[in-house]
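Asks: Let me give you the structure first, and then I'll get to my questions.
The values are calculated or read from the model by the stated rules, or taken from the named source; none is laboratory data. The model shown is predicted, which means the values in this text are computed figures rather than measured ones. With ideal geometry, Cβ positions are generated from the backbone for all residues, glycine too; neighbour counts draw on all protein chains shown. Note: areas computed on protein heavy atoms with side chains; ligands, DNA, RNA excluded. Shrake-Rupley method; radii C 1.70, N 1.55, O 1.52, S 1.80 Å.
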Amino acid sequence: LSFSCGQQPPPSLSLLCFAGFQRTEAPRPPGAKDLHAYPWDKSSLKSMPVDLQQFKKLDAYALKVNVKNSVEELVKALLKQARTDLEKVRAIWMWICHHIEYDVVGYHNKSQLSSKPRDVLQMGKSICEGYAELFEHMCSLAGIQCKKLSGHAKGHGYKTGQTFTGDSDHAWNAVYLEGRWHLLDSTWGSGSVDDSFTKFTYRYNEFYFLTHPALFINNHFPDNSNWQLLKPTLTLKEFENNMLHNSNFYMLGLLAAHPETPIIQTVNGKASVSVDCRSGTLFMFKLKGTDEHGLMTLKKYGMKLDIYPQKTGSHKLEIFAKPSKAEASDDTYKCVVEYVVECESVDKAVRFPKDLHQPVGPSWFSERQGFLQPSHREPVLHTNDGRCSLSFTLGKDISVLTSLHADGSSLAEDMGRRHVLQIHRGNRIELKVHLPHAGSFVLKIYSKKKSDPGNYDYIFNYLIRCLNTEVKWPAFPQSYSKWLQDYEILEPLSGLLPANRNVQFKLKMHGIAKVLVQAENTYPLTQNRGCWEGTCNTSGCREVFVMVHENANHSFYSHVLKYEVETQ
């Protein structure tokens, strides 16, 4: 019975007399030469070579055809610009995807619904059954073998890991081109339905036109397994257990996701996921709608993510991606893969600061922004004594801004800047970090072109961890605008000086006539091999300033550094 439904109804008399149409033979069942190897060989997204550029004119023509009185007239109009069978199928596909909308009302009330091609054309809407029947009928009029297929689909309402029982719930087509069968789904090619299943939006999707069978099986399971066009074929159980990669996954050039099962168990409170892709792609993730409980790093060919759920139970994990090229027309992140993370125990020790921004650590993206050859490639730095140092080679004309952040109000914004000291030597920059206390900190790095007057742009961040509760470093001294980028403080590095002491100063500065340190009294520094050196006594004052005379003929000094003095 199931076979006879798929056959063409006998053509009506008027059709046989209709000039220009040939009878199509009954579709032949798929044979060995139709089959593709599984799993996907990563070669192409389609089952035959297709040059979309060559379709540009035909596509534009097909979209403009406006014939609604009969299917025969419509096909006749579409074929005017189509020579090859592939072009005929393309014109029919384009027209249906842009002129038939999904009938969300009819879906809920199927008894009132006709999926006969004539009715679908008249109404301009239908459900998958109607799309597939119209496609089959139009191909048959165009002399192309086409078959309507039915089966299970991981479409609207699909829940990760669910099983499929009962009758099939979706319909699509196979077309016979250049000696073998190919698969397509015009329902999914036309657009999408919102979460509440009340509104359809036209959004053309190229992915479902002649999709490679090893990819089509990802979310289409035909009732008759021969129509998988795969060798070996998959069982329903394998189909249910397989990872669902939606069309965005492949259209963005992604290749694989690990693990390959949709449900992941945490081990000691942690789960890990990675995605492989061809080249620079940007990623983000959401675990139960937030990216707070994970650590994502960007790799040249993908990304790696460690997740630490802070509650037991099942959590939805979504991975999003977008191309890094600025010229990509659609600059939004699209969901490419979903997992369910089952967490049995929580690792409370791993809490990430609120200010941590994903991805963490350096990557091809920070390199592209001019931060080359990082001394630390890992996203997390561990320090025992509360101090650490990072360095990069900087691209040309780059000015850098850094700040340190921690949860709670322990670090006000201006102080956060003063716990990081920049040291420039040639085109290398060193960032010295002194932590104010133990805990988890975020080191944020911003930059701008020196020639740009505008604001600094955020580039990337590191996570810095210190468990040693003895740690208590004061901030670095405050510097003013006259303190130039290539000046360097050799001592004292601490912005808090001891009271009633002689303190040794040693500063590397050039192009200056005189340097004074102003405490209760004023102490001149002397120049010695490119450094200005001397001592100052801190008794009787709360602040100490370093001042420079840029020109011996000038009478005024500029402040360059400010130190605090400990209160007794």
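Asks: Using Cα pairs closer than 8 Å and at least 6 residues apart in sequence, work out the relative contact order for region 52-241, in percent.
Replies: Across region 52-241, relative contact order equals 18 percent.
Asks: Taking the full set of protein chains and a 1.4 angstrom probe, give the accessible area of Ser44 in square angstrom, rounded to the nearest 10.
Replies: 50 Å²
Asks: For region 502-530 and region 347-398, what is the centre-to-centre distance using only Cα atoms, to the nearest Å?
Replies: 34 Å
Asks: Ordering Thr469, Thr201 by accessible area with a probe of 1.4 Å, largest first, what comes out?
Replies: Ranked list, largest accessible area first: Thr469, Thr201.
Asks: If the cut-off is 23 Å between C-alpha atoms, which lysines fall inside it for Lys472, apart from same-chain ones fewer than 8 positions away?
Replies: In chain and number order, the partners are Lys354, Lys432, Lys444, Lys562.
Asks: Take Ser192, project a point 7 Å from its Cα along the Cβ direction, then tell me which residues of region 124-158 have their backbone nitrogen under 14 Å from it.
Replies: 155-158
Asks: How long is the gain from Trp364 to Tyr204 if the chain were fully straight, where each residue apart is worth 0.36 nm and the alpha carbon distance is subtracted?
Replies: 54.4 nm
Asks: Counting other C-beta atoms within 10 Å, and keeping those with at most 16, which DSSP coil GluC sites (Glu not before Pro) do you find in region 450-522?
Replies: Here the sparse-neighbourhood loop sites are Glu470, Glu520.
Asks: Could you put Met284, Met509 in order of accessible surface area, largest first, with the 1.4 Å probe and the full protein assembly present?
Replies: Met284, Met509
Asks: So for the pair Thr567, Arg83, with labels modelled 7 Å out along Cα→Cβ, what separation do we get in nm?
Replies: So the label points at Thr567 and Arg83 sit 9.0 nm apart.
Asks: Once you keep just the Cα pairs under 8 angstrom separated by 6 or more residues, what percentage relative contact order results for region 477-567?
Replies: Once normalised by length, the contact order is 33 percent.
Asks: Please list the non-local residues whose amide H lies under 5 Å from the amide H of Ser324, H modeled 1.01 Å from N, same-chain partners needing a gap of 5 or more.
Replies: Leu282
Asks: If you don't mind, there's one more thing I want to ask. Distance between Cα centroids, region 415-441 to region 466-501: provide it in whole Å.
Replies: Using only Cα atoms to place each centre, the spacing works out to 10 Å.
Asks: Multiplying the sequence separation of Lys56 and Met123 by 0.36 nm and subtracting their Cα-Cα distance, what value in nm do you get?
Replies: 21.3 nm
Asks: On to the next question. Spin-label point model (7 Å from Cα, Cβ direction): what's the Leu372 to Lys237 distance in nm?
Replies: Here the modelled spin labels are 5.6 nm apart.
Asks: Roughly speaking, what is the centre-to-centre gap between region 238-309 and region 176-218 when only Cα atoms are used, to the nearest Å?
Replies: 24 Å
Asks: GluC sites (Glu not before Pro), restricted to region 311-375: which are DSSP loop and have at most 14 other Cβ atoms within 10 Å?
Replies: Those satisfying the criteria are Glu327, Glu344.
Asks: In addition: Quick check: residue separation of Lys316 and Val105 times 0.36 nm, minus the Cα distance between them. What number comes out in nm?
Replies: Result for the pair: 73.0 nm of gain on full extension.
Asks: Beyond 27 Å between alpha-carbons counts as too far, so tell me which of Lys64/Lys325; Lys286/Lys449; Lys154/Lys199; Lys159/Lys199; Lys110/Lys148 fall in that bin. Let's see the in-between values first.
Replies: On the way: Lys64/Lys325 32 Å; Lys286/Lys449 32 Å; Lys154/Lys199 19 Å; Lys159/Lys199 20 Å; Lys110/Lys148 19 Å.
The pairs that break the limit, which is 27 Å between Cα atoms, are Lys64/Lys325; Lys286/Lys449.
Asks: Order Arg90, Arg417, Arg501, Arg28, most accessible first, counting only protein heavy atoms with a 1.4 angstrom probe. Walk me through the numbers before you get to the answer.
Replies: Values: Arg90 5, Arg417 100, Arg501 130, Arg28 65 Å².
Final ranking, largest accessible area leading: Arg501, Arg417, Arg28, Arg90.
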